[in-house]
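Participant: My structure is below; once you've seen it, I'll send some questions.
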Amino acid sequence: MSGKEVILTLEELQERLSYWQTVLRLQDWEIELKMSRHHEMRATATGQSRWWIQDKSAEIKVLTHEDYLAVGFLGSQDMEETIVHELLHGHYLSDADALDIPEDGYKRDILEQAITLTAAALISLHRR
């Protein structure tokens, strides 16, 4: 996380999604964005995505600010960084699946860490 609190409306998130789709060369994908409640996502997730490569479509969920506070996540919430993180999964997730990297192994953890650090770096550069 970037350390800066960035809480956006769904409309603002849509604008940020469009911008980052262009930057990350995913503008030809149909991506549905949703604000989601904690119980609709994995227990430790502030964002979640599903990708259908054959259709070039995806769904990205971003945890609502109310649930972020209620669950007691450490640090500040940055919804824009969450979107960038989930968009990066569009590039890397298919490679992980093609390489048959299990969902719950250290290789997937390393990939997740790389995506997290890349998203943070992109956001930091963008906000300079």
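Participant: Pull out all pairs, ordered by first then second residue, where Cβ-Cβ is under 7 Å, the residues are six or more apart or on different chains, the first lies in the stretch 26-45 and is touching a residue at least 40 places away in the same chain (Cβ under 8 Å), and the second is open to solvent by 70 Å² or more (accessible area, probe 1.4 Å) and polar (S, T, N, Q).
Facilitator: Within 7 Å, the pairs are Leu33/Gln14.
Participant: Of all residues in the stretch 1-43, count the ones that are basic (Lys, Arg) and not in a loop (DSSP other than H, G, I, E, B). Don't jump to the end; show me each part of the working.
Facilitator: Here is the first cut: in the stretch 1-43, the ones basic (Lys, Arg) are 4, 16, 25, 34, 37, 42.
Filter once more, keeping what is not in a loop (DSSP other than H, G, I, E, B): 16, 34.
Looking only at that region, the number is 2.
Participant: Quick one: in the stretch 56-92, of everything that is assigned to a loop (DSSP other than H, G, I, E, B) and among the hydroxyl-bearing types (Ser, Thr, Tyr), which residue is farthest from Leu10 (Cα to Cα)? Walk me through how you get there before you give the answer.
Facilitator: Within the stretch 56-92, the first condition is being assigned to a loop (DSSP other than H, G, I, E, B), and the residues that meet it are 56, 64, 72-77.
Next, from what is left, pick out any that are among the hydroxyl-bearing types (Ser, Thr, Tyr): 64, 76.
Values: Thr64: 10, Ser76: 18 Å.
Among them, the one singled out is Ser76.
Participant: For the stretch 11-61, what are the residues that are of a type in the set (A, V, I, L, M), surrounded by 14 or more Cβ atoms within 10 Å (Cβ to Cβ) and over 19 Å from Ser76 (Cβ atoms)?
Facilitator: Residues satisfying the conditions are Leu17, Leu24, Leu26, Ile31, Leu33, Ala58, Ile60.
Participant: Name every residue in the stretch 105-126 that is among the charged types (D, E, K, R), over 10 Å from Tyr92 (Cβ atoms) and either open to solvent by 50 Å² or more (accessible area, probe 1.4 Å) or in contact (Cβ under 8 Å) with a residue 60 or more places away in the chain (or both), in order of residue number. Show your work before the answer.
Facilitator: Initial filter on the stretch 105-126 (among the charged types (D, E, K, R)): 107-109, 112.
Narrowing the set further to residues that are over 10 Å from Tyr92 (Cβ atoms) leaves 107-109.
Once the filter is applied, which keeps residues that are among the charged types (D, E, K, R), over 10 Å from Tyr92 (Cβ atoms) and either open to solvent by 50 Å² or more (accessible area, probe 1.4 Å) or in contact (Cβ under 8 Å) with a residue 60 or more places away in the chain (or both), the stretch 105-126 yields Lys107, Asp109.
The values are calculated or read from the model by the stated rules, or taken from the named source; none is laboratory data. Being a predicted model, the structure only gives us computed values, none of them experimental. As a convention, Cβ positions derive from the backbone with ideal geometry for all residues, glycine included, and neighbour counts pool all protein chains shown. Side chains are part of the model used for accessible areas, which takes the heavy atoms of the whole protein and leaves out ligands, DNA and RNA. Shrake-Rupley method; radii C 1.70, N 1.55, O 1.52, S 1.80 Å.
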